Amino acid sequence: MRIKITTESPDTLTREGLALGVFIDERPPRGKCGLIDWRLNGLISRELARGRITGTFMEKVLIATSPRVPAAKIMLMGMGTLAELTYEKLYLAGYHLSKDMDGLLCREFAFNLPAAGRCHLSISGMAEAMIRGCFDFLSSDIEKWATCSTTVLTDAAYLKEVIDGVNSFRCNVRDVSVIEIEGVTEEGA
């Protein structure tokens with residue numbers, strides 16, 4: 001499993017799949033999901049307003065892509081309410097994200113840390129929980145584990161904390177995954 005960390009914008013990032021967290025109590029969506037909503041001309045906001053997307057924990061919605069977003073598949077992951085976000089929910093999101101991307105035949109996918117910097121959880125703990133979830137699903141099949149590339153999207157301000165979380169994961173599971181840091185702006189270097 002290759003783990004990439006990038007500060008590149010999700011609307012320029014070329015990956016097979018892009019997964020973004022959406023919350024029940026954030027209207028319009030914020031963060032990386034808000035940016036993609038803007039790139040999709042408010043599609044996510046409209047579907048939230050119509051009740052077709054709720055943000056309920058473990059809800060998954062696959063969105064058709066647009067030329068304005070280079071990812072072949074965009075998946076929204078319901079995260080519940082912002083106040084009730086936990087490391088366990090992030091672990092489950094990472095696990096099911098990997099499982100769903102595998103089902104969509106996406107070997108190279110990116111995801112954001114939902115609510116990074118907007119909730120009570122540490123960024124490093126959030127990164128560790130989601131990567132551990134991804135790893136636990138992918139490690140059940142050595143071929144999947146060996147051929148999958150996971151990218152964590154983060155802001156330059158959180159880069160060090162995300163790296164700390166990924167390194168903590170690696171130490172705790174004695175993983176030998178390759179970690180690459182790409183698209184880092186000068187502020188995040």
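Remarks
- Fraction of antiparallel bridges per DSSP, segment 2-188 only, in percent to nearest 5: 15
- Rounded to the nearest 20 debye, the dipole size of the chain about its Cα centre is 460 debye, using +1 on the Cβ of Lys and Arg and -1 on the Cβ of Asp and Glu.
- In plain terms, the residue of Arg118, Arg52 with the fewest other Cβ atoms within 10 Å comes first and the most crowded comes last, giving Arg52, Arg118.
- Ranking Ile63, Gly34, Ile142 by how far each Cα lies toward the positive end of the dipole of the chain (charges on Cβ) leaves Ile63 at the top.
- Rounded Å value of the spacing that divides the Cα centres of segment 77-143 and segment 15-45: 16
None of the figures in this text is laboratory data; all of them are computed from the coordinates on show. On a predicted model such as this, the values are computed, not experimentally measured, just so you know. Note that we place each Cβ from the backbone using ideal geometry, even for glycine, and neighbour counts take in every protein chain shown.
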